[in-house]
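Before any comments, here is the structure.
Bear in mind that the values in this text are calculations on the coordinates, not laboratory data. Only a predicted model underlies this, so the values are computations on that prediction, with no experimental measurement involved. Cβ sites come from the backbone with ideal geometry, for glycine too, and all protein chains shown count toward neighbours.
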Amino acid sequence: MSTPEIANISELHERYDALFFDSFGVLVDGVEALPGAIELVDHMNSENTNYFIVTNDASVSIRSRANKFASQGLNIPTKRIVNSGSLITDYIAAKNLKGAPALVLGTDDVRDYTTAGGAILVDIKSEQEPDLVVVGHSNPYDWESTLEYLLNLLGRRFRSGNPIKLILPNPDFIYPNGLNKFSFGAASFVNLLEQALLRLHGSHDELTAIKLGKPYQPIFKLALLRAKTSNAVMIGDQLETDILGANQMSLDSAVVTTGINRKSSAEDFKEVSKDQTPRYILRSLI
Ligand SMILES: [Mg+2]
């Protein structure tokens, strides 16, 4: 990949048949809409642009996310939102895990995504052990004791030849949580668990979480299916999720400078690996 070129949103609009937008760090900062986002969404709605919000967020339903966007002034219809939460439902259905006991660490909406696929909820304190653990949200757990419980449970079940499926819908380690503020994502805690399991049992696929959101392929495949074109560009703020994922899917990508990434010129990308280098730098949404 060559060095990124500076582009503006109307150039991307002209070159691609579909625009994929990350939400946090691109359209919103976790609290309010970022500059230009409201006008851009209004413009795309009026032009009937083929656009989708492709978000790793798994904590709320698509309806709740659309309502939250609306409260921030972003008029985004539910049909234009692709999230990693809904992929939980698809995964459980596709793997025929109907009736499987599932422990969900997450919000009520994550529980809904899980039961919609046919799994049955069990509590962390229940006698019945889960066959499926969904780590859908980073708070408000006592993570040390929760991870210790999972470390021992997953290790024991792996050794007995009946491994538990660990599902991580949102692979973001960190996320913007207000202006210049960041918080730990669920992936940070899952990574700790994976690292501990690796040290105890060695490297095995069964001891690694199944990851659904960016940079992994399931969410991009769903977005491309919904967009009905492969001529799409992914616009995001995180090199290791939005940009890496797009590159791995052979999709073009544009990085913004309003979220986690602050690199704003081709020169800034000199030391960045090719697989995390975007095709474009988008300095503003206007
Ligand atoms: Mg983001």
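So what's the angle, to the nearest 10 degrees on a 0 to 90 scale, between helix 186-201 and the longest Cα principal axis of the chain?
Computed tilt is about 50 degrees.
Cα centroids of the range 150-171 and the range 211-236: how far apart, whole angstrom?
Here the two parts' Cα centres lie 27 Å apart.
5 Å is the cut-off here: which amide hydrogens, built 1.01 Å from N in the peptide plane, fall below it relative to ILE6, excluding neighbours closer than 5 in sequence?
Sorted by chain and number, the residues that satisfy this are ILE281.
If you count the DSSP beta bridges with both ends in the chain, what percent of them are antiparallel, to the nearest 5?
10
Can you pick out the pairs among LYS95/LYS181; LYS125/LYS221; LYS165/LYS274; LYS165/LYS263; LYS181/LYS211 whose Cα atoms lie more than 29 Å from each other?
Violating the 29 Å Cα-Cα cut-off are LYS95/LYS181; LYS125/LYS221; LYS165/LYS274; LYS165/LYS263.
Given a Förster distance of 25 Å, report the FRET efficiency between GLN128 and ASN152 from their Cβ-Cβ distance, rounded to the nearest 0.05. Before the final figure, lay out each step's value.
Working: r = 16 Å, r/R0 = 0.66.
Taking R0 as 25 Å, the efficiency between GLN128 and ASN152 is 0.95.
Using alpha carbon centroids, what distance separates the range 68-95 and the range 177-202, in Å?
Rounded to whole Å, the Cα centres lie 23 Å apart.
Using Cα atoms only, what is the angle between the long axis of helix 217-227 and the major principal axis of the chain, expressed in degrees (0 to 90) to the nearest 10?
The helix 217-227 is inclined about 50 degrees to the chain.
Helix-derived [θ] at 222 nm for the chain: sum -39500 (n - 2.57) over DSSP H runs of at least 4, divide by residue count, nearest 500?
-10000 deg cm²/dmol
Where does helix 62-71 land angle-wise versus the long Cα axis of the chain, in degrees 0 to 90, nearest 10?
In the chain, helix 62-71 runs at an angle near 40 degrees to the longest axis.
Choose one of PRO130, PRO176, LEU97: the residue whose Cα lies farthest towards the positive end of the charge dipole of the chain (beta-carbon charges +1 Lys, Arg; -1 Asp, Glu; about the Cα centre).
Result: LEU97.
Charges at C-beta only: +1 for Lys and Arg, -1 for Asp and Glu. How large is the resulting dipole of the range 86-211 about its Cα centre, in Debye rounded to 20?
260
Give me a comma-separated list of calculated 3J(HN,Hα) values for the range 139-150, in order, Karplus coefficients 6.51, -1.76, 1.60 applied at θ = phi - 60°, integers in Hz, x for any Gly or Pro.
With the stated coefficients, the range 139-150 comes to 9, x, 9, 8, 5, 5, 6, 5, 5, 5, 4, 5 Hz.
Treat every Asp and Glu Cβ in the chain as -1 and every Lys and Arg Cβ as +1, leave all other atoms uncharged, and give the resulting dipole magnitude about the Cα centre to the nearest 20 debye.
So the magnitude is around 560 debye.
Report the one residue of PHE158, ALA66, GLY213 whose Cα lies farthest in the direction of the positive end of the charge dipole of the chain (charges on C-beta: Lys and Arg +1, Asp and Glu -1; origin at the Cα centre).
Going by the Cα projections, it comes out as PHE158.
If contacts are Cα pairs under 8 angstrom and at least 6 residues apart, what is the relative contact order of the chain in percent?
It rounds to 25 percent for the chain.
For the chain, what is the Kirkwood hydrodynamic radius in Å, using each pair of distinct C-alpha atoms?
In the chain this quantity evaluates to 19.5 Å.
Of all DSSP beta bridges in the range 86-211, what percent run antiparallel (nearest 5)?
20
Roughly speaking, what is the centre-to-centre gap between the range 17-56 and the range 271-286 when only Cα atoms are used, to the nearest Å?
Each part's Cα centre sits 17 Å from the other's.
Please identify, among SER265, SER253, SER46, the residue showing maximal mean-square fluctuation in a Gaussian network model of the chain using a 10 angstrom Cα cutoff.
Among SER265, SER253, SER46, the largest mean-square fluctuation in the Gaussian network model of the chain belongs to SER46.
Given the Cα-Cα distance of GLU144 and PHE182 and 0.36 nm per residue of separation, how much length would full extension add, in nm? Write down the numbers at each step before the final one.
Details: separation 38, 0.36 × 38 = 13.68 nm, distance 2.03 nm.
Answer, rounded to one decimal: 11.7 nm.
If packing is taken as the average count of other Cβ atoms within 10 Å, what order do 161-170, 74-83 fall into, highest mean first?
Packing proxy ranking, top to bottom: 161-170, 74-83.
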